[in-house]
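Colleague: Take a look at this one; I'll ask things after.
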(Lines give C-alpha, C1' and ligand atoms only; values in the text may rest on other atoms or scores of the structure.)
Protein backbone atom coordinates (compact mmCIF):
# COMPACT_ATOMS: atom_id res chain seq x y z
CA UNK A 1 0.00 0.00 0.00
CA UNK A 2 1.39 3.43 -0.99
CA UNK A 3 1.78 6.17 1.60
CA UNK A 4 -0.97 8.29 0.02
CA UNK A 5 -3.47 5.43 -0.12
CA UNK A 6 -2.48 4.38 3.38
CA UNK A 7 -3.05 7.91 4.65
CA UNK A 8 -6.50 7.98 3.06
CA UNK A 9 -7.24 4.63 4.67
CA UNK A 10 -6.07 6.04 8.00
CA UNK A 11 -8.40 9.03 7.71
CA UNK A 12 -11.25 6.59 7.19
CA UNK A 13 -10.55 5.14 10.65
CA UNK A 14 -10.88 8.58 12.27
CA UNK A 15 -14.63 8.93 12.35
CA UNK A 16 -17.50 8.75 14.83
CA UNK A 17 -16.42 8.05 18.40
CA UNK A 18 -12.80 7.61 17.34
CA UNK A 19 -12.67 11.12 15.84
CA UNK A 20 -14.31 12.58 18.95
CA UNK A 21 -11.69 10.93 21.15
CA UNK A 22 -8.87 12.11 18.88
CA UNK A 23 -10.00 15.74 19.10
CA UNK A 24 -10.64 15.60 22.83
CA UNK A 25 -7.23 14.01 23.51
CA UNK A 26 -5.60 16.76 21.45
CA UNK A 27 -7.35 19.38 23.60
CA UNK A 28 -6.31 17.56 26.77
CA UNK A 29 -2.79 17.44 25.34
CA UNK A 30 -2.88 21.24 25.12
CA UNK A 31 -3.88 21.59 28.76
CA UNK A 32 -1.53 18.87 30.03
CA UNK A 33 1.52 20.19 28.21
CA UNK A 34 0.75 23.65 29.54
CA UNK A 35 0.75 22.82 33.27
CA UNK A 36 2.22 19.35 33.91
CA UNK A 37 5.89 20.32 33.37
CA UNK A 38 5.55 22.92 36.12
CA UNK A 39 3.51 20.99 38.68
CA UNK A 40 6.48 20.24 40.94
CA UNK A 41 7.58 23.88 40.78
CA UNK A 42 4.04 24.93 41.70
CA UNK A 43 4.05 22.53 44.65
CA UNK A 44 7.42 23.87 45.83
CA UNK A 45 6.18 27.46 45.59
CA UNK A 46 3.33 26.48 47.93
CA UNK A 47 5.78 25.05 50.47
CA UNK A 48 6.16 21.39 49.53
CA UNK A 49 9.52 19.65 49.89
CA UNK A 50 10.99 17.02 47.56
CA UNK A 51 9.81 14.14 49.78
CA UNK A 52 6.29 15.56 50.08
CA UNK A 53 6.00 15.84 46.28
CA UNK A 54 7.12 12.21 45.80
CA UNK A 55 4.82 11.00 48.59
CA UNK A 56 1.75 12.79 47.21
CA UNK A 57 2.38 11.46 43.70
CA UNK A 58 2.72 7.92 45.06
CA UNK A 59 -0.55 8.22 47.00
CA UNK A 60 -2.18 9.55 43.85
CA UNK A 61 -1.02 6.51 41.87
CA UNK A 62 -2.54 4.19 44.47
CA UNK A 63 -5.82 6.14 44.38
CA UNK A 64 -5.89 5.98 40.58
CA UNK A 65 -5.20 2.25 40.59
CA UNK A 66 -7.99 1.48 43.07
CA UNK A 67 -10.58 3.73 41.46
CA UNK A 68 -9.92 2.45 37.94
CA UNK A 69 -11.00 -1.03 39.04
CA UNK A 70 -14.33 0.42 40.18
CA UNK A 71 -14.50 2.53 37.02
CA UNK A 72 -13.90 -0.53 34.87
CA UNK A 73 -16.73 -2.47 36.49
CA UNK A 74 -19.11 0.49 36.16
CA UNK A 75 -18.06 0.95 32.51
CA UNK A 76 -19.52 -2.47 31.71
CA UNK A 77 -22.52 -1.86 34.00
CA UNK A 78 -23.75 1.66 33.19
CA UNK A 79 -22.11 2.23 29.83
CA UNK A 80 -19.07 3.92 28.37
CA UNK A 81 -20.59 7.33 27.64
CA UNK A 82 -22.06 7.96 31.11
CA UNK A 83 -18.75 7.15 32.74
CA UNK A 84 -16.81 9.36 30.34
CA UNK A 85 -19.10 12.34 30.85
CA UNK A 86 -19.07 12.01 34.64
CA UNK A 87 -15.28 11.69 34.73
CA UNK A 88 -14.71 14.58 32.32
CA UNK A 89 -16.93 16.85 34.45
CA UNK A 90 -15.02 15.98 37.64
CA UNK A 91 -11.66 16.47 35.92
CA UNK A 92 -12.77 19.90 34.67
CA UNK A 93 -13.74 21.02 38.18
CA UNK A 94 -10.45 19.76 39.62
CA UNK A 95 -8.42 21.82 37.11
CA UNK A 96 -10.05 25.00 38.43
CA UNK A 97 -9.42 23.84 42.00
CA UNK A 98 -5.68 23.64 41.30
CA UNK A 99 -5.67 27.33 40.41
CA UNK A 100 -6.99 28.34 43.84
CA UNK A 101 -4.83 26.11 46.08
CA UNK A 102 -3.29 28.19 48.86
CA UNK A 103 -0.93 25.64 50.39
CA UNK A 104 0.86 22.47 49.40
CA UNK A 105 -1.47 20.45 51.62
CA UNK A 106 -4.49 21.74 49.71
CA UNK A 107 -2.64 20.99 46.47
CA UNK A 108 -1.90 17.47 47.70
CA UNK A 109 -5.58 16.80 48.44
CA UNK A 110 -6.56 18.14 45.01
CA UNK A 111 -3.90 15.95 43.34
CA UNK A 112 -5.16 12.77 44.98
CA UNK A 113 -8.76 13.69 44.09
CA UNK A 114 -7.62 14.40 40.53
CA UNK A 115 -6.10 10.94 40.25
CA UNK A 116 -9.19 9.32 41.77
CA UNK A 117 -11.63 11.07 39.38
CA UNK A 118 -9.74 9.56 36.47
CA UNK A 119 -11.70 6.40 37.34
CA UNK A 120 -13.25 6.64 33.88
CA UNK A 121 -10.03 5.73 32.02
CA UNK A 122 -11.29 2.18 31.30
CA UNK A 123 -14.34 3.71 29.60
CA UNK A 124 -12.10 5.72 27.27
CA UNK A 125 -10.18 2.63 26.21
CA UNK A 126 -13.32 0.51 25.92
CA UNK A 127 -15.22 2.95 23.71
CA UNK A 128 -12.25 3.20 21.34
CA UNK A 129 -11.90 -0.60 21.20
CA UNK A 130 -15.62 -0.89 20.49
CA UNK A 131 -15.56 1.79 17.77
CA UNK A 132 -12.49 0.95 15.69
CA UNK A 133 -13.21 -0.98 12.48
CA UNK A 134 -12.22 -4.64 12.47
CA UNK A 135 -8.67 -5.25 11.20
CA UNK A 136 -7.92 -1.51 11.58
CA UNK A 137 -7.27 -1.59 15.33
CA UNK A 138 -3.50 -1.13 15.08
CA UNK A 139 -3.76 1.77 12.64
CA UNK A 140 -6.37 3.41 14.83
CA UNK A 141 -4.43 3.18 18.09
CA UNK A 142 -1.19 4.40 16.49
CA UNK A 143 -3.01 7.39 14.99
CA UNK A 144 -4.76 8.21 18.29
CA UNK A 145 -1.38 8.33 20.04
CA UNK A 146 -0.34 11.21 17.80
CA UNK A 147 -3.03 13.69 18.84
CA UNK A 148 -2.13 14.19 22.52
CA UNK A 149 1.59 14.31 21.64
CA UNK A 150 1.45 17.25 19.22
CA UNK A 151 0.90 19.96 21.89
CA UNK A 152 4.06 18.83 23.71
CA UNK A 153 6.07 20.31 20.85
CA UNK A 154 5.11 23.87 21.79
CA UNK A 155 2.82 24.19 24.84
CA UNK A 156 5.55 23.72 27.50
CA UNK A 157 7.14 26.87 26.08
CA UNK A 158 3.85 28.74 26.57
CA UNK A 159 3.59 27.44 30.13
CA UNK A 160 7.19 28.42 30.80
CA UNK A 161 6.53 31.92 29.50
CA UNK A 162 3.51 32.27 31.80
CA UNK A 163 5.67 31.14 34.72
CA UNK A 164 8.55 33.49 33.83
CA UNK A 165 6.31 36.52 33.35
CA UNK A 166 3.73 36.05 36.09
CA UNK A 167 5.44 33.67 38.52
CA UNK A 168 3.13 31.45 40.57
CA UNK A 169 0.13 33.39 39.29
CA UNK A 170 1.12 32.33 35.76
CA UNK A 171 0.73 28.66 36.73
CA UNK A 172 -2.69 29.50 38.18
CA UNK A 173 -3.65 31.08 34.85
CA UNK A 174 -2.48 27.89 33.17
CA UNK A 175 -4.77 25.73 35.33
CA UNK A 176 -7.73 28.03 34.62
CA UNK A 177 -7.06 27.67 30.89
CA UNK A 178 -6.71 23.90 31.42
CA UNK A 179 -10.12 23.78 33.12
CA UNK A 180 -11.67 25.78 30.30
CA UNK A 181 -10.29 23.39 27.69
CA UNK A 182 -11.62 20.47 29.75
CA UNK A 183 -15.12 22.00 29.71
CA UNK A 184 -14.88 22.27 25.92
CA UNK A 185 -13.99 18.56 25.85
CA UNK A 186 -17.00 17.82 28.06
CA UNK A 187 -19.31 19.67 25.65
CA UNK A 188 -17.80 17.87 22.64
CA UNK A 189 -18.15 14.45 24.23
CA UNK A 190 -21.69 15.10 25.45
CA UNK A 191 -22.81 16.16 21.98
CA UNK A 192 -21.00 13.58 19.89
CA UNK A 193 -20.22 10.31 21.69
CA UNK A 194 -22.49 7.34 21.04
CA UNK A 195 -22.88 4.35 23.38
CA UNK A 196 -21.28 1.13 22.17
CA UNK A 197 -22.44 -1.50 24.70
CA UNK A 198 -25.86 -3.11 25.01
CA UNK A 199 -26.85 -2.35 28.62
CA UNK A 200 -29.89 -4.62 28.49
CA UNK A 201 -27.57 -7.57 29.05
CA UNK A 202 -26.32 -6.12 32.36
CA UNK A 203 -28.70 -7.70 34.81
CA UNK A 204 -28.24 -8.91 38.36
CA UNK A 205 -27.10 -7.27 41.56
CA UNK A 206 -23.98 -5.13 41.58
CA UNK A 207 -21.05 -6.96 43.15
CA UNK A 208 -17.59 -5.74 42.23
CA UNK A 209 -15.85 -8.99 43.24
CA UNK A 210 -18.25 -11.14 41.24
CA UNK A 211 -17.93 -8.83 38.24
CA UNK A 212 -14.13 -9.11 38.33
CA UNK A 213 -14.23 -12.88 38.89
CA UNK A 214 -16.48 -13.22 35.85
CA UNK A 215 -13.54 -12.21 33.66
CA UNK A 216 -11.90 -15.58 34.21
CA UNK A 217 -14.81 -17.44 32.65
CA UNK A 218 -13.60 -16.27 29.23
CA UNK A 219 -11.10 -18.53 27.52
CA UNK A 220 -8.79 -15.82 26.11
CA UNK A 221 -8.39 -14.07 29.46
CA UNK A 222 -5.42 -16.30 30.33
CA UNK A 223 -3.49 -14.51 27.57
CA UNK A 224 -4.84 -11.14 28.67
CA UNK A 225 -3.43 -11.69 32.18
CA UNK A 226 -0.01 -12.51 30.72
CA UNK A 227 -0.18 -9.38 28.54
CA UNK A 228 -0.96 -7.37 31.68
CA UNK A 229 2.18 -8.81 33.26
CA UNK A 230 4.09 -7.26 30.37
CA UNK A 231 2.38 -3.85 30.50
CA UNK A 232 2.23 -3.73 34.30
CA UNK A 233 5.74 -4.83 35.22
CA UNK A 234 8.07 -6.22 32.53
CA UNK A 235 7.89 -3.22 30.18
CA UNK A 236 8.13 -0.56 32.96
CA UNK A 237 11.10 -2.42 34.45
CA UNK A 238 12.87 -2.39 31.10
CA UNK A 239 12.58 1.40 30.78
CA UNK A 240 12.76 2.36 34.48
CA UNK A 241 16.48 3.15 34.57
CA UNK A 242 16.44 5.40 31.52
CA UNK A 243 13.12 7.10 32.33
CA UNK A 244 14.29 7.96 35.84
CA UNK A 245 17.98 8.66 35.33
CA UNK A 246 18.33 9.43 31.62
CA UNK A 247 18.57 13.17 32.17
CA UNK A 248 21.10 12.81 35.01
CA UNK A 249 23.23 10.38 32.98
CA UNK A 250 23.18 12.57 29.87
CA UNK A 251 23.87 15.91 31.57
CA UNK A 252 26.15 15.00 34.48
CA UNK A 253 28.05 12.01 33.11
CA UNK A 254 28.13 12.55 29.34
CA UNK A 255 28.36 16.34 29.68
CA UNK A 256 25.37 17.25 27.52
CA UNK A 257 24.07 20.75 28.25
CA UNK A 258 20.55 21.37 29.56
CA UNK A 259 19.66 23.05 26.26
CA UNK A 260 20.93 20.05 24.30
CA UNK A 261 18.95 17.70 26.56
CA UNK A 262 15.82 19.74 25.86
CA UNK A 263 16.58 19.51 22.14
CA UNK A 264 16.98 15.72 22.39
CA UNK A 265 13.58 15.37 24.04
CA UNK A 266 11.91 17.59 21.43
CA UNK A 267 13.46 15.52 18.64
CA UNK A 268 12.15 12.37 20.33
CA UNK A 269 8.62 13.74 20.50
CA UNK A 270 8.70 15.01 16.92
CA UNK A 271 10.10 11.74 15.53
CA UNK A 272 7.46 9.78 17.43
CA UNK A 273 4.70 11.89 15.86
CA UNK A 274 6.07 11.72 12.31
CA UNK A 275 6.86 8.01 12.53
CA UNK A 276 3.41 7.24 13.96
CA UNK A 277 1.68 8.99 11.05
CA UNK A 278 3.84 7.21 8.46
CA UNK A 279 3.69 3.79 10.12
CA UNK A 280 -0.05 4.01 10.72
CA UNK A 281 -0.46 4.66 7.00
CA UNK A 282 1.85 1.87 5.84
CA UNK A 283 1.65 -0.92 8.43
CA UNK A 284 -0.66 -3.85 7.96
CA UNK A 285 -2.24 -5.67 10.90
CA UNK A 286 0.73 -8.04 11.06
CA UNK A 287 1.26 -7.86 14.80
CA UNK A 288 4.31 -10.12 14.95
CA UNK A 289 6.22 -8.03 12.42
CA UNK A 290 5.43 -4.87 14.36
CA UNK A 291 6.58 -6.48 17.62
CA UNK A 292 9.90 -7.39 16.02
CA UNK A 293 10.33 -3.83 14.70
CA UNK A 294 9.43 -2.21 18.04
CA UNK A 295 11.63 -4.58 20.03
CA UNK A 296 14.62 -4.08 17.74
CA UNK A 297 14.38 -0.29 17.87
CA UNK A 298 13.98 -0.23 21.65
CA UNK A 299 16.91 -2.57 22.23
CA UNK A 300 19.22 -0.68 19.87
CA UNK A 301 18.35 2.59 21.62
CA UNK A 302 19.92 1.37 24.88
CA UNK A 303 23.11 0.36 23.04
CA UNK A 304 23.28 3.85 21.57
CA UNK A 305 22.85 5.43 25.00
CA UNK A 306 25.99 3.68 26.32
CA UNK A 307 27.98 4.11 23.09
CA UNK A 308 29.66 7.37 24.24
CA UNK A 309 31.20 5.48 27.18
CA UNK A 310 32.58 2.81 24.84
CA UNK A 311 33.72 5.03 21.98
CA UNK A 312 35.28 8.46 22.42
CA UNK A 313 32.82 10.54 20.48
CA UNK A 314 30.48 13.49 20.80
CA UNK A 315 27.60 12.05 22.88
CA UNK A 316 24.94 14.21 21.20
CA UNK A 317 24.62 12.14 18.00
CA UNK A 318 24.17 8.68 19.61
CA UNK A 319 21.78 10.19 22.18
CA UNK A 320 19.66 11.80 19.46
CA UNK A 321 19.55 8.63 17.33
CA UNK A 322 18.89 6.48 20.41
CA UNK A 323 16.05 8.79 21.48
CA UNK A 324 14.53 8.63 17.99
CA UNK A 325 14.70 4.82 17.94
CA UNK A 326 13.33 4.57 21.49
CA UNK A 327 10.51 7.01 20.76
CA UNK A 328 9.43 5.11 17.64
CA UNK A 329 9.58 1.79 19.48
CA UNK A 330 7.51 3.19 22.32
CA UNK A 331 5.03 4.70 19.85
CA UNK A 332 4.44 1.20 18.45
CA UNK A 333 4.29 -0.85 21.65
CA UNK A 334 1.31 0.86 23.32
CA UNK A 335 -0.96 0.76 20.24
CA UNK A 336 0.16 -2.80 19.54
CA UNK A 337 -0.94 -3.96 23.00
CA UNK A 338 -4.24 -2.08 22.74
CA UNK A 339 -4.93 -3.51 19.29
CA UNK A 340 -4.38 -7.14 20.31
CA UNK A 341 -6.52 -6.65 23.42
CA UNK A 342 -9.29 -5.14 21.28
CA UNK A 343 -9.13 -8.23 19.10
CA UNK A 344 -9.27 -10.88 21.84
CA UNK A 345 -11.38 -9.18 24.55
CA UNK A 346 -15.18 -9.56 24.20
CA UNK A 347 -17.07 -6.24 24.20
CA UNK A 348 -18.98 -6.96 27.41
CA UNK A 349 -15.85 -7.27 29.59
CA UNK A 350 -13.55 -4.62 28.08
CA UNK A 351 -14.28 -2.07 30.80
CA UNK A 352 -13.52 -4.42 33.70
CA UNK A 353 -10.47 -5.87 31.99
CA UNK A 354 -9.04 -2.41 31.32
CA UNK A 355 -9.71 -1.41 34.93
CA UNK A 356 -7.64 -4.37 36.13
CA UNK A 357 -4.93 -3.50 33.62
CA UNK A 358 -4.70 0.12 34.85
CA UNK A 359 -4.54 -1.03 38.47
CA UNK A 360 -1.72 -3.46 37.77
CA UNK A 361 0.15 -0.86 35.71
CA UNK A 362 0.01 1.75 38.48
CA UNK A 363 1.21 -0.70 41.11
CA UNK A 364 3.76 -2.26 38.76
CA UNK A 365 5.31 1.05 37.70
CA UNK A 366 5.94 1.97 41.34
CA UNK A 367 7.71 -1.38 41.93
CA UNK A 368 9.62 -1.21 38.64
CA UNK A 369 10.89 2.31 39.40
CA UNK A 370 12.13 1.11 42.79
CA UNK A 371 14.02 -1.79 41.19
CA UNK A 372 15.34 0.57 38.52
CA UNK A 373 16.74 2.77 41.27
CA UNK A 374 18.50 -0.23 42.81
CA UNK A 375 19.97 -1.18 39.43
CA UNK A 376 21.29 2.32 38.74
CA UNK A 377 22.78 2.87 42.18
CA UNK A 378 24.07 -0.69 42.51
CA UNK A 379 25.47 -1.31 39.03
CA UNK A 380 26.26 2.24 37.98
CA UNK A 381 25.12 4.02 34.80
CA UNK A 382 26.92 1.86 32.22
CA UNK A 383 25.98 -1.58 33.55
CA UNK A 384 22.41 -0.59 34.49
CA UNK A 385 21.68 0.69 30.97
CA UNK A 386 23.23 -2.48 29.50
CA UNK A 387 20.97 -4.43 31.88
CA UNK A 388 18.03 -2.48 30.41
CA UNK A 389 19.15 -3.61 26.96
CA UNK A 390 19.15 -7.27 28.07
CA UNK A 391 15.77 -6.81 29.76
CA UNK A 392 14.43 -5.30 26.53
CA UNK A 393 15.43 -8.41 24.56
CA UNK A 394 13.81 -10.69 27.15
CA UNK A 395 10.66 -8.53 27.25
CA UNK A 396 10.10 -8.57 23.50
CA UNK A 397 10.85 -12.27 23.13
CA UNK A 398 8.25 -12.83 25.86
CA UNK A 399 5.57 -10.69 24.19
CA UNK A 400 6.39 -12.11 20.72
CA UNK A 401 5.86 -15.69 21.88
CA UNK A 402 2.75 -14.68 23.84
CA UNK A 403 1.20 -12.95 20.83
CA UNK A 404 2.02 -15.95 18.65
CA UNK A 405 0.10 -18.28 20.97
CA UNK A 406 -2.78 -15.86 21.55
CA UNK A 407 -3.34 -15.12 17.86
CA UNK A 408 -3.12 -18.82 16.97
CA UNK A 409 -5.84 -19.69 19.49
CA UNK A 410 -7.94 -16.64 18.51
CA UNK A 411 -7.86 -17.58 14.81
CA UNK A 412 -8.89 -21.18 15.56
CA UNK A 413 -11.61 -20.23 18.05
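The values are calculated or read from the model by the stated rules, or taken from the named source; none is laboratory data. Predicted model, so just to flag it, every value in this text is computed and none were measured. A quick note on method: Cβ atoms are made from the backbone with ideal geometry, for glycine too, and the neighbour counts reach across all protein chains shown.
Colleague: Among the residues of region 107-128, write down those that are touching a residue at least 24 places away in the same chain (Cβ under 8 Å) and farther than 17 Å from residue 182 by Cβ.
Modeller: 107, 108, 112, 122, 125, 126, 127, 128
Colleague: From (1) under 30 Å from residue 222 (Cα atoms); (2) crowded, with 20+ Cβ neighbours inside 10 Å; (3) in contact (Cβ under 8 Å) with a residue 60 or more places away in the chain, pick out the condition that doesn't hold for residue 376.
Modeller: Against the list (1) under 30 Å from residue 222 (Cα atoms); (2) crowded, with 20+ Cβ neighbours inside 10 Å; (3) in contact (Cβ under 8 Å) with a residue 60 or more places away in the chain, residue 376 comes up short only on (1).
Colleague: Sticking with this structure for a sec: Given the criteria modelled with pLDDT of 85 or more and in contact with a helix residue (DSSP H, G or I) (Cβ under 9 Å, 6 or more places away or on another chain), does residue 199 qualify? Break it down into steps so the answer makes sense when it comes.
Modeller: Numbers: modelled with pLDDT of 85 or more: no; in contact with a helix residue (DSSP H, G or I) (Cβ under 9 Å, 6 or more places away or on another chain): yes.
So residue 199 fails the test.
Colleague: Further question on the same structure: Can you name the number of the only condition in (1) part of a helix (DSSP H, G or I); (2) touching a helix residue (DSSP H, G or I) at 6+ places or on another chain (Cβ under 6 Å) that residue 263 fails?
Modeller: Only one criterion in (1) part of a helix (DSSP H, G or I); (2) touching a helix residue (DSSP H, G or I) at 6+ places or on another chain (Cβ under 6 Å) is unmet by residue 263, namely (2).
Colleague: Determine, yes or no, whether residue 277 is closer than 22 Å to residue 133 by Cα and surrounded by 22 or more Cβ atoms within 10 Å (Cβ to Cβ). Break it down stepwise before answering.
Modeller: Numbers: closer than 22 Å to residue 133 by Cα: yes; surrounded by 22 or more Cβ atoms within 10 Å (Cβ to Cβ): no.
Here the answer is no, as residue 277 does not meet what is asked.
Colleague: Right, next: Given the residues 26, 38, 7, which is the only one that is within 22 Å of residue 140 (Cβ to Cβ), modelled with pLDDT under 85, touching a helix residue (DSSP H, G or I) at 6+ places or on another chain (Cβ under 6 Å) and assigned by TED's automatic domain parsing to the domain that holds residue 124?
Modeller: Values: 26 fails: modelled with pLDDT under 85; 38 fails: within 22 Å of residue 140 (Cβ to Cβ).
Checking each option against the conditions leaves just 7.
Colleague: For residue 337, work out the one condition from (1) closer than 26 Å to residue 120 by Cβ; (2) buried (at least 23 other Cβ atoms within 10 Å of the Cβ); (3) at pLDDT 90 or above it doesn't fulfil.
Modeller: (2)
Colleague: Further, regarding this structure: State whether one or more residues within region 297-307 are within 23 Å of residue 228 (Cβ to Cβ), in the same structural domain as residue 386 (by TED's automatic domain parsing) and touching a residue at least 40 places away in the same chain (Cβ under 8 Å).
Modeller: Yes, that holds for at least one residue.
Colleague: Filter region 33-48 down to the residues that are under 26 Å from residue 189 (Cα atoms) and buried (at least 20 other Cβ atoms within 10 Å of the Cβ) and list them by number. Before you say what the answer is, go through the steps one by one.
Modeller: Keep residues of region 33-48 that are under 26 Å from residue 189 (Cα atoms), which gives 33-36.
Listed by number, the residues that qualify are 33, 34, 35.
Colleague: Quick check on this structure: which one of 147, 175, 141 is farther than 15 Å from residue 334 by Cβ, in contact (Cβ under 8 Å) with a residue 24 or more places away in the chain and out of contact with any strand residue (DSSP E or B) (no Cβ under 9 Å at 6 or more places or on another chain)?
Modeller: Values: 147 fails: farther than 15 Å from residue 334 by Cβ; 141 fails: farther than 15 Å from residue 334 by Cβ.
Only one candidate passes the filter, namely 175.
Colleague: For the list (1) within 21 Å of the chain's Cα centre (by Cα); (2) over 27 Å from residue 337 (Cβ atoms), I need the number of the one condition that residue 228 fails.
Modeller: (2)
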